[in-house]
Every structure is written in C-alpha cells, then in structure tokens.
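A.B. asks: Let me give you the structure first, and then I'll get to my questions.
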Amino acid sequence: MRQETECHNSMMVLEAGAAWPQWMHDYQRQAPNAVVVAHAMGESMGDLSARVSRRLAELKGILTVAIVACAPTLDPEHLAAREMICRSLLQAMRPDVGGEVVLAARDTDADEAKHALFELAGALCEGLSDSTRTVRVRFSSARSVSGIVAKPAAAARPVQNLARLGGFARS
C-alpha cells in the first residue's frame with residue numbers, strides 16, 4: 001500500500017560517448033519523475049560514480065527504473081566504475097517494490113563492448129537475492145527517431161519533371 005502513495009522515479013546515467021536511448025520514454029511512463037546524471041567533459045568515471053551516489057541519496061520517492069547509457073569503452077577503470085554505478089542503482093531499489101536496471105548501448109558498438117555489458121549484467125544478477133529487481137541489456141540503432149526532418153517549404157523549389165522527383169527538387 002505504501003508504494004502507491006510514494007512517487008516512482010527513474011534515473012538515467014549517460015556516460016560520455018554514449019547515445020541517448022530512443023526507447024527511454026517507454027520506461028519513463030512507468031516512473032515519470034526522471035533524474036538525469038550526465039558524464040561531464042573531463043570528469044573521471046570514479047567522479048561520475050560518486051555523483052550518481054549523491055543523487056541517489058537526495059532522491060525522494062522510490063527508484064524503480066534506472067538506465068545506464070554505456071559508451072563502448074573497455075578500459076578497466078571505466079568498467080569498474082560502471083559496475084559500481086549499477087550496483088548502487090540496484091541497491092537503491094527497494095526489494096519489496098522492485099525495479100529494473102537497463103544497460104543501454106548502440107547496436108553498432110563493437111562486439112567486445114556488447115559482451116562486456118552482458119558480462120556485467122550476469123555479475124549484477126548473481127548478487128541479487130530477490131526476483132523483484134532485474135537487469136536487462138538493450139541495444140538500439142544510433143539513428144534518431146525524434147521526427148522526420150523536412151526542409152521548409154521556402155527551400156523546396158518546383159521543377160519541370162514533376163513525375164520524376166515528386167514535384168520538388170532536393171538540394
């Protein structure tokens with residue numbers, strides 16, 4: 001009953017060099033109060049991890065969704081900090097309510113980077129003592145789906161052969 005009266009939160013952690021997941025809005029419907037922690041230019045992964053921990057401590061309500069947009073970086077310091085971030089996100093989720101941590105990357109990332117995410121997901125799942133919290137890996141294309149990009153009408157000019165080009169020339 002308590003979970004119905006408390007607000008559900010989502011947290012998005014965006015590593016430098018990672019892509020914003022196209023499907024992020026699907027998860028925000030489940031937990032509409034979103035907090036975004038973006039990796040700042042020149043910030044170490046250790047500092048990012050500490051910032052995520054601080055934001056989790058400040059969070060009001062219940063964390064039920066966490067998305068970590070992962071860069072295709074494989075150096076040991078980066079991977080260790082990513083694991084710390086994910087573990088702190090899982091720890092912040094109440095077992096009686098549950099939640100999901102999603103490791104997100106581009107489908108065009110190198111196979112080694114994808115395998116590292118699956119390896120991390122396996123390690124995170126081994127540490128869970130309940131079935132209410134889950135870890136998922138999702139890949140998406142780097143192509144934006146924010147809308148169709150079209151030239152303003154003033155930029156399109158009529159051409160002679162309307163049947164061939166559909167009525168407008170493309171420049």
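What follows is calculated from the coordinates using simple rules that are stated; it is not laboratory data. Bear in mind that the values here come from a model prediction, so they are computed numbers and not experimental data. Cβ placement follows ideal geometry from the backbone for every residue including glycine, while neighbour counts extend to all protein chains displayed.
A.B. asks: Which whole-Hz ³J(HN,Hα) couplings does the range 124-136 yield from phi under the Karplus relation 6.51 cos²θ - 1.76 cosθ + 1.60, θ = phi - 60°, glycine and proline marked x?
C.D. replies: Values per residue, Gly and Pro as x: 5, 5, 4, x, 8, 9, 9, 10, 8, 10, 10, 10, 9 Hz.
A.B. asks: Tell me the trypsin sites (Lys or Arg not before Pro) within the range 19-128 that lie in a loop according to DSSP and have at most 14 other beta-carbon atoms within 10 Å.
C.D. replies: Here the sparse-neighbourhood loop sites are K60.
A.B. asks: What is the ratio of the Cα radius of gyration of the range 2-144 to 2.2 N^0.38 Å, with N the residue count, to two decimals?
C.D. replies: This ratio for the range 2-144 stands at 0.98.
A.B. asks: Which cross-chain or sequence-distant (5 or more) residues have an amide H under 5 Å from the amide H of M12, H modelled 1.01 Å from N in plane?
C.D. replies: V35, V36, V37, I67
A.B. asks: Kindly write out, for the range 79-95 in residue order, the coupling ³J(HN,Hα) from the Karplus curve 6.51 cos²θ - 1.76 cosθ + 1.60 (θ = phi - 60°), rounded to whole Hz, with x marking Gly and Pro.
C.D. replies: Running phi through 6.51 cos²θ - 1.76 cosθ + 1.60 with θ = phi - 60° gives 5, 5, 5, 4, 5, 4, 4, 5, 5, 5, 5, 4, 5, 6, 7, 6, x Hz.
A.B. asks: While we're on this one: Taking 8 Å as the Cα distance limit and 6 or more residues as the minimum spacing, I'd like the relative contact order of the range 20-105 as a percentage.
C.D. replies: 36 percent
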